[in-house]
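A.B. asks: A single structure is presented below for examination.
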Amino acid sequence: MTPCGARASVMCMRAGKYVIVAAFAASLCGGAALAQQAPPKTDQPKTDQPKTDQPQSLEGAGADHPQADNPQAQNPQPPAKAEDAATAMIGTWEFSNADHNKVCRFSFRSETASGGRRLDVEKNCPSLFPSTKDISGWAVDNYGNLRLLDKQGDAVIELTEVESGMYDGFSPGEGRYILQTTAAVPVHSAEDMAGDWAIARGSGKPICTLTLANNPTTGGALALRLKAGCDPLVTRFNPTAWRMQEGALMLLSARGQSWQFEETEPDTWQRVPESADPIQLVRQ
């Protein structure tokens, strides 16, 4: 081999190496480019979207309205305020339905009872509201709700205060309840009460009819006239006048005796205190 041929051979070998290296580099670059252009596998979960079956945290929508899904989530009253609310209940309250055609009275007392304090229910209440027959106690809970309790201390009726001196509640069997202080009960005027009334005894059969007049007599009371045919029970009492006194209707006799009636439903008043032989005054 001539020197010139040897030099050409070496150059040819070097050129071949350069070609191999260049081809290898090109293959690497092409593979990287194909890898960058390849679409992601569809079976891989996306990391930028939360799974729909995962529960939301408390900082989500519920945090803006904590009571939306839980109406009981409210702040309890301080003990002093709860005690004040219980003290305000002591006394006589009127219990009725929404139409106010069923009315009886509760006496809230301070003496202790099972689960709370003692509650006296008027005798005619169970006939109007059967659920009241087992009620013997009451309590105001930490949220200001009024609970009427049975002898075991379990709540029979629960009522919510809607304004000062008035509560309401609901039972699927008896409908809406309204409880209000007797001070909040509308007071009837003499003009409202004037007219003909019947005195009924026991079963409701009238035993006497009388007229409540709106003209005054001596002593500041109003005139009363009995009609003929009254039962001896009434003629012995012999009422001659009447008046309204603190929401009650008073029939007065010439001898200074009186019969007191309280409204139990519209146009029906019952003599109090109630006896085994009840006497009612019913508008004619």
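A.B. asks: Please compute the net charge surrounding Asp277, taking Lys and Arg as +1 and Asp and Glu as -1 over other residues with Cβ under 13 Å from its Cβ.
C.D. replies: +2
A.B. asks: What do you get for Rg/Rh over segment 190-283 if you use C-alpha atoms and the Kirkwood form of Rh?
C.D. replies: Working: Rg = 12.1 Å, Rh = 13.2 Å.
Using only Cα positions, Rg/Rh for segment 190-283 is 0.92.
A.B. asks: 5 Å is the cut-off here: which amide hydrogens, built 1.01 Å from N in the peptide plane, fall below it relative to Thr209, excluding neighbours closer than 5 in sequence?
C.D. replies: Under 5 Å from the amide H of Thr209: Ile199, Lys227.
A.B. asks: How do the peptides 106-116, 166-176 rank, highest first, by the average count of neighbouring beta carbon atoms within 10 Å per residue?
C.D. replies: On the way: 106-116: 15.3, 166-176: 13.7.
Result, highest mean Cβ count within 10 Å first: 106-116, 166-176.
Here, each number is a calculation from the coordinates, and none is a lab measurement. Just so we're clear, the structure is a prediction, and the values are computed from it rather than from any experiment. All Cβ positions, glycine included, derive from the backbone under ideal geometry; neighbour counts span all protein chains shown.
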